[in-house]
Every structure is written in structure tokens, then in C-alpha cells.
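One structure is given here, and the rest of the page talks about it.
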Amino acid sequence: MGILRHYEKLLPLTYKTPRVNLEEGSTPLIELPRVGARLGIRLFGKFEGCNPSGSFKDRGMVLAVAKALEEGKRAVICASTGNTSASAAAYAASVGIPCFVLLPAGKVALGKLAQALMYGAKVIAVKGNFDRALELAREGAERTGCAMVNSVNPYRLIGQRSGAWEICDFLGRAPDIHAIPVGNAGNISAYWAGYNVYADMGKIKALPKMYGFQAEGAAPLVTNKPCPNPETIATAIRIGNPVSAHLAKAAVKESGGEFNSVTDQEILEAQKLLASEGGVFAEPASCAPLAGLMKLKRENRLPENILVTMILTGNGLKDPDTAMTQVGSPIEIDDTPEALMKVLCQN
Ligand SMILES: *Cc1c(COP(=O)(O)O)cnc(C)c1O
């Protein structure tokens with residue numbers, strides 16, 4: 001039914017807020033027994049790649065666009081590493097308003113770029129990194145009165161709380177550990193706020209520990225200082241100066257969790273493992289939590305038999321180029337049964 005109807009009472013809606021809806025949310029929380037067994041835990045992945053634009057960004061975007069319309073805004077603008085632009089462009093298209101997106105030139109996964117263009121956004125490639133594109137987008141919003149729909153927009157984070165509510169509704173409790181990739185640090189903050197809303201309502205008895213994972217080349221929350229030249233194959237978390245750093249730090253500290261970083265190689269291995277032993281294809285950034293859990297396991301810092309949820313933030317189909325660097329090519333054969341049998345009977 002979409003986030004705005006499903007969680008109507010928990011969201012800041014008025015009778016004037018248009019009920020924008022692309023049937024976002026209600027994504028599957030998939031148990032991953034083979035991968036969980038490797039880690040000695042009960043492991044679930046929330047597959048946010050099932051959202052309409054293929055990432056969790058839709059949860060907050062639906063509310064941000066609805067509120068922009070309610071406030072009389074007639075266009076939206078954002079800077080993006082890819083998924084925010086795909087989501088903003090989709091919702092803007094669905095309600096019929098223009099969308100301007102600023103992307104770091106040459107650093108956006110192909111699927112995400114194709115999406116923004118297909119949905120009809122005006123796509124602007126900035127010769128600079130994400131952090132710079134964000135500064136420009138803010139300036140553009142200020143000068144034109146367009147609604148800024150980056151996660152500095154408070155409604156984005158409020159809509160994203162719905163992910164935590166769905167997890168608790170499904171499990172009947174919160175996980176022991178909530179593992180999540182961290183880029184601009186909005187999502188980890190939103191989940192923590194969401195769990196706290198449910199705890200205050202008495203719907204859950206205990207809160208999870210929040211574990212935020214970054215890529216080693218873009219790990220400002222691990223090193224505790226901005227990273228001027230962030231670099232990682234996980235482009236969705238290639239961010240050096242997270243806007244919601246203060247909220248994310250508070251979430252980790254209050255919950256008794258931690259920030260940690262993983263290498264690009266570890267991310268790619270986790271991506272392959274998740275697909276080949278979990279049956280779920282998630283984009284590289286989404287696999288930082290699994291890489292991180294594997295690292296904690298190696299360091300004997302992961303308790304046994306606990307319940308862990310990972311947020312698989314985006315769909316693997318968005319970034320086929322990175323995936324193809326990790327796998328071989330198809331086996332080509334002549335069109336004869338003999339040629340086929342040769343392959344089928346190879347050990
Ligand atoms: C946006 C995004 C992230 C990072 O989320 P933040 O709220 O910026 O920390 C992680 N993974 C994917 C796939 C994303 O699109």
C-alpha cells in the first residue's frame with residue numbers, strides 16, 4: 001500500500017499532504033541460512049532492492065516529494081551518488097514535476113544513470129566529487145526555490161524510519177545487531193530513530209546495537225575526520241563528509257554499537273558470497289555490512305547465535321559493470337548435444 005498509507009499515523013501527514021505512492025516499502029526480510037551458518041548467527045537481509053526504483057531511497061523520497069507538493073514547491077533538486085537521483089526522478093515523474101539531479105561526473109553506476117534519464121530528470125554531471133555536487137545543489141535550491149530532496153531534507157530521514165518498523169513488525173522484536181552501510185549517514189540515523197519510536201510505543205522491548213560499515217577509502221566515521229578524496233568501488237558510499245555524521249555517531253554510541261571499515265576486495269567477496277550462497281544480488285555498497293560481519297567473525301568479535309539484520313540497500317542490477325569484474329564469462333559451445341554433454345559431465 002506504500003509507506004504513506006501503511007504508516008500514516010507515525011508520519012507527519014496532514015489532510016493536505018498528497019498521498020504520493022509507488023508502492024514502496026514492504027520489502028522482504030530474507031533469512032540467509034547458508035551465509036548465517038558461516039557466521040554462527042541467525043542472519044536476515046532486508047532486500048531494499050525490491051523498492052520501485054531499486055533502493056531504500058524511495059522510503060524517504062515519497063515523503064519528501066509529498067511534503068514539497070504540500071508546501072507548494074514545483075520542482076525538486078538533489079545531488080546524488082546515483083540512487084537518490086533515481087528515486088527523486090521516479091517520484092517527480094509520478095506527480096508530474098521537474099527534477100534536477102547533480103551527479104559526480106563519471107562516478108555513477110550505469111543502471112542508476114539510465115534510470116534518472118529514463119524517468120525524465122534533467123541530469124547534470126558535475127566535474128567534482130559528491131560532496132561538491134551537494135554544495136552546488138544546496139546553492140541551486142536556495143536561488144531557485146526548488147525543494148532540496150537530499151537527506152538534509154528532514155522528511156527523507158523520517159520516511160526511512162519505516163524500514164525499522166517493518167523489521168520489528170515482521171520479527172516481532174528488534175534484532176540484536178543491526179548492520180548497515182554508511183555513506184552520508186542518514187539511513188543509520190533513521191533506523192535508530194525508527195527503533196526508538198517503536199520502543200517508546202512499547203512495541204519492542206529491547207533496542208538493537210547499531211553497526212555502521214564504511215569502505216576503507218571513504219571512512220570518515222571510522223577515522224573520525226572528513227576524507228577529502230573518498231575512493232571506493234562502492235560508489236553509493238563514496239562520501240567523504242557525511243551530512244548526518246552527528247546523528248550517526250549518537251546512534252552508534254547510544255546503542256553500544258560501532259563503526260568499522262572494510263576494503264573494496266572484502267566488499268566484492270561479500271557481494272559474491274551473498275549472491276552465490278544467499279540467492280540475493282545486491283549492489284556493492286549494500287555488501288559492506290556482510291563484509292564487516294565476516295571481519296568481526298575473523299576477529300572473534302561476533303557473538304554466536306544472535307539475530308542480525310543487514311540492510312541490503314540497493315539492487316545488484318544497478319551496477320552490472322562492477323559485478324562482471326568478479327565473475328567469469330559464459331561457456332560458449334557448438335550447438336550440438338555432444339558439446340553440451342561435455343560441459344554437463346565436467347566433474
Ligand atoms: C544511499 C545509499 C547508501 C548510504 O546511505 P546513507 O544514508 O547515505 O548513509 C548505501 N547504499 C546504497 C545502495 C545507497 O543508495
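The values are calculated or read from the model by the stated rules, or taken from the named source; none is laboratory data. Small disclaimer: the values here were computed from a predicted structure and weren't measured. As a convention, Cβ positions derive from the backbone with ideal geometry for all residues, glycine included, and neighbour counts pool all protein chains shown. To get the accessible areas, we keep the full protein, side chains included, count just its heavy atoms, and leave off ligands, DNA and RNA. Shrake-Rupley method; radii C 1.70, N 1.55, O 1.52, S 1.80 Å.
The heavy atoms of Phe100 present about 70 square angstrom of accessible area, all protein chains included, probe 1.4 Å.
Among the chymotrypsin sites (Phe, Trp or Tyr not before Pro) within the stretch 187-228, not one is in coil by DSSP while having at most 10 neighbouring Cβ atoms inside 10 Å. Taken along the Cα-to-beta-carbon direction at a fixed 7 Å, the label points for Phe170 and Thr223 span 3.5 nm. Considering the stretch 54-161, its Cα convex hull presents a mean projected area of 5.9 nm².
A probe of 1.4 angstrom, applied to the heavy atoms of all protein chains, finds Ser276 with accessible area near 70 square angstrom. Of the residues Val95, Pro289, Ser80, the one whose Cα sits farthest towards the positive end of the charge dipole of the chain is Val95 (charges of +1 on Lys and Arg Cβ, -1 on Asp and Glu Cβ, taken about the Cα centre). Here is the list for the stretch 268-313: GluC sites (Glu not before Pro) lying in DSSP coil, each with at most 15 other C-beta atoms within 10 angstrom of its C-beta, are Glu299, Glu304.
Take the Kirkwood radius over Cα pairs of the stretch 269-341, plug it into Stokes-Einstein at 25 °C and 0.890 mPa s, and you get 169 µm²/s for translational diffusion. In this rough spin-label picture, where each label sits 7 Å from Cα along the Cβ direction, the Asp321-Ala37 distance is 3.8 nm.
Per residue, the accessible area of the chain comes to 43 Å², computed with a 1.4 Å probe over protein heavy atoms only. Ranking His6, His178, His246 from most to least accessible surface, computed with a 1.4 Å probe over the protein chains only, gives His246, His6, His178.
Find how many whole Å separate the alpha carbon centroid of the stretch 108-131 from the alpha carbon centroid of the stretch 150-196. The distance from the Cα centre of the stretch 150-196 to that of the stretch 108-131 comes to 25 Å.
Just check the stretch 33-90 against the gyration tensor rule for me: Cα atoms, a ≥ b ≥ c as the square roots of the eigenvalues, rounded for a/c under 1.5, and otherwise prolate or oblate depending on whether a/b exceeds b/c. Note, shape of the stretch 33-90 comes out prolate. For the chain, the equivalent ellipsoid derived from the Cα gyration tensor has semi-axes of 31, 26, 20 Å, listed largest first. Checking the Cα-Cα distances for Lys73/Lys318; Lys272/Lys297; Lys107/Lys318 against a 21 Å cut-off, the pairs over it are Lys73/Lys318. Shown for the chain: the carbon plus sulfur share of the solvent-accessible area, taken with all protein chains present and a 1.4 angstrom probe, equals 54%.
The trypsin sites (Lys or Arg not before Pro) of the stretch 262-334 meeting both criteria, a DSSP state outside H, G, I, E and B (loop) and at most 14 other C-beta atoms within 10 angstrom of the site's C-beta, are Arg301. Farthest towards the positive end of the charge dipole of the chain, among the residues Leu43, Ser255, Val197, is the Cα of Val197, using unit charges on the Cβ of Lys, Arg, Asp and Glu.
Kindly identify the stretch 206-305 as rounded, prolate or oblate by the Cα gyration tensor criterion: order the square roots of the eigenvalues as a ≥ b ≥ c, call it rounded if a/c is under 1.5, otherwise compare a/b with b/c, prolate if a/b is larger, else oblate. It is oblate, given that a/c is not under 1.5 and a/b is not larger than b/c.
Each of Leu10 and Arg138 was given a label point 7 Å from its Cα along the Cα-to-Cβ line. The distance between the two points is 3.0 nm.
One chain, two ends: Glu299 and Glu277. Fully extended at 0.36 nm per residue, the span grows by 5.7 nm beyond their Cα-Cα distance. Estimated from helical segments only, the mean residue ellipticity of the chain at 222 nm is -12500 deg cm²/dmol, where each DSSP H run of four or more residues counts as -39500 (n - 2.57).
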